[in-house]
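Values quoted throughout were computed directly from the atomic coordinates according to the rules given, and no laboratory measurement underlies them. Small disclaimer: the values here were computed from a predicted structure and weren't measured. Here the Cβ positions follow ideal geometry from the backbone for every residue, glycine too, while neighbour counts run over all protein chains shown.
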Amino acid sequence: MPTPHKKNLTPIDDYKFELSKELEEMAKEELRETEEIRQYAIKALRDFIMKNEKIILTRMDAKFLLRYLRFRKFSVPMAEEAIERLLALKVGSYGNNWMNNLNIEKPSVLKLLEAGFIFILPERDYMGRLIIFYRPGVSNAKSPTVGYDILILTTLVYEYLLEDEENQIRGVVHIGDAKNVGMSHFTIFSPQFMCRVGKNTEKTLPMRHKAFHIVNVHRSINFISDAILSRMGEKLKKRVHFYSSFNEFKAIDRSMLPKEYGGTVSMSKMIDDMKQRLMRNHQNGLLYNQMRANPEQYPRAVLEGSVKSLHYALNSTEIFEKFNDDIYGLQGSFRKLEID
């Protein structure tokens with residue numbers, strides 16, 4: 001644990017680009033990343049953290065900071081906003097119950113993983129992108145902790161994947177099998193909370209989402225799929241694709257899928273591999289749990305992940321004027337009736 005006057009949970013290290021020439025060129029072309037820009041931006045982001053009185057603790061190693069710089073194509077102000085907003089969400093009612101409790105050893109989280117809720121495929125796609133496979137239908141919608149367990153497990157997987165710089169640069173592909181997903185699964189989270197998670201994730205999760213493929217979508221839940229799409233930004237919406245079955249799904253070679261879906265490697269082996277990877281990354285999960293900002297420095301709307309608050313920069317005076325806690329508290333009495 002760092003001494004009280006320090007903010008860095010990890011060393012302030014030097015960075016050397018050691019990835020392939022292909023990734024170097026991709027980072028330059030798609031993310032505006034060069035050696036000069038990278039070194040300047042890492043230093044600028046560290047200076048921002050050290051001078052920002054609202055930030056208490058965070059990782060400051062170069063690879064962690066590069067997640068946000070690459071996510072925001074090396075716009076330092078936008079990377080600053082993403083990190084600070086994440087830290088604020090962690091100490092508010094929005095994320096306090098799950099963003100500070102990343103622990104793969106929690107029995108209910110481990111059970112969800114072993115059921116095959118989420119894992120990664122062994123092979124990358126034709127563009128070298130890692131593929132995340134989801135099976136939400138295996139979750140027990142009646143479990144009192146299932147919502148938090150889903151959020152914790154998914155965050156653990158994403159945090160693990162973002163440790164790999166290749167994933168930061170290439171991005172990832174998502175494949176979801178909607179088999180056995182029923183109406184009960186859509187009651188795990190309220191529509192308002194799902195909206196908040198989606199919008200806040202767009203601002204704070206430093207991951208390049210290249211495609212979403214949802215397979216086995218039953219006609220009875222089409223209206224829910226349409227509702228989710230309606231709240232996505234246009235850029236993200238164009239990357240979402242629905243299929244009635246895996247026979248219709250041609251985005252990747254069938255052999256890359258689990259054996260149970262026509263591939264060559266068994267799903268149990270993929271799940272066990274995911275489990276071992278998360279166990280090895282356990283320490284980074286504990287570091288994530290410790291990262292935080294000072295909740296007294298933000299309006300309640302920010303701490304609750306209000307969608308409207310995302311329209312205002314955290315360093316602006318406007319955000320305090322727009323979200324005076326006395327006024328927001330009154331509006332908050334009716335939060336369940338509206339999606340803000």
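Can you give the FRET efficiency for Lys275 and Glu321, using 1/(1 + (r/R0)^6), R0 = 45 Å, r = Cβ-Cβ distance, to the nearest 0.05?
0.40
Toward the positive end of the charge dipole of the chain, about the Cα centre and with charges on Cβ (Lys, Arg +1; Asp, Glu -1), which of Leu31, Ser316, Ile188 goes farthest?
Checked the options; the winner is Ile188.
Given the options Gln276, Gln192, Gln168, which has the most mean-square fluctuation in a GNM of the chain, springs set between C-alpha atoms less than 10 angstrom apart?
Its mean-square fluctuation being the largest, the pick is Gln276.
Using only alpha carbons, build the gyration tensor for the range 107-283 and give me the equivalent ellipsoid semi-axes, biggest first, whole Å.
Working through the eigenvalues yields semi-axes of 22, 20, 19 Å.
What ranking of Glu202, Glu304, Glu25 emerges when the number of other C-beta atoms within 10 Å of each C-beta is taken as an exposure proxy, fewest first?
Ordered from fewest to most neighbouring Cβ atoms within 10 Å, Glu202, Glu304, Glu25 come out as Glu25, Glu202, Glu304.
Subtract the Cα-Cα distance of Val307 and Asp226 from 0.36 nm times their separation in residues, and report this length gain in nm to one decimal.
My answer for the length gained is 27.2 nm.
State, to one decimal in nm, how far the label point of Glu25 lies from the label point of Asp13, with both points 7 Å from Cα in the Cβ direction.
2.8 nm
Full-extension gain between Lys43 and Lys250, please, as 0.36 nm times their residue separation minus the C-alpha to C-alpha distance. Write out the running numbers ahead of the final one.
Details: separation 207, 0.36 × 207 = 74.52 nm, distance 4.37 nm.
Result for the pair: 70.1 nm of gain on full extension.
Could you give the length gained on full extension between Ala141 and Ser108, defined as 0.36 nm per residue of separation minus the Cα-Cα distance, in nm?
Full extension from Ala141 to Ser108 adds 10.6 nm.
Test of understanding: ordering Ile56, Ile150 by Cβ neighbours within 10 Å, fewest first, what list do you get? Write out the running numbers ahead of the final one.
Working: Ile56 17, Ile150 22.
With the sparsest Cβ surroundings first, the list reads Ile56, Ile150.
Using the number of other C-beta atoms within 10 angstrom as an exposure proxy, rank His213, His174, His282 with the fewest first.
With the fewest neighbours first, His213, His174, His282 line up as His282, His174, His213.
Sequence neighbours fewer than 8 away in the same chain don't count; with that in mind, list the aspartates and glutamates whose C-alpha is under 13 Å from Lys43.
Within reach: Asp13, Asp14, Glu35, Asp61, Glu80.
I need the helices of the chain that pass two filters: whole DSSP H segments spanning 18 Å or more by Cα along the axis, and mean Kyte-Doolittle score no lower than 0.0.
Helices passing the filter in the chain: 76-90, 146-162.
What does the charge dipole of the range 107-283 about its Cα centre add up to, to the nearest 20 debye, if the Cβ of each Lys and Arg holds +1 and the Cβ of each Asp and Glu holds -1?
440 debye
At what distance in angstrom do the alpha carbon centres of the range 28-89 and the range 210-265 lie from each other?
Centre-to-centre (Cα) distance: 32 Å.
Treating only the Cβ of Lys, Arg, Asp and Glu as charged (+1, +1, -1, -1), what charge dipole size does the chain show about its Cα centre? Round to the nearest 20 debye.
Dipole magnitude for the chain comes out near 540 debye.
Would you work out which of Leu286, Met232, Asn8 lies farthest towards the positive end of the dipole of the chain? Charges go on Cβ: Lys and Arg +1, Asp and Glu -1.
Met232
Where does the chain land on Rg/Rh, using Cα atoms and the Kirkwood Rh?
Details: Rg = 20.2 Å, Rh = 21.2 Å.
Taking Rg over the Kirkwood Rh, I get 0.95.
Would you look at the GNM of the chain, springs on alpha carbons closer than 10 Å, and say which of Ile252, Ile271, Ile132 moves the most?
Ile252
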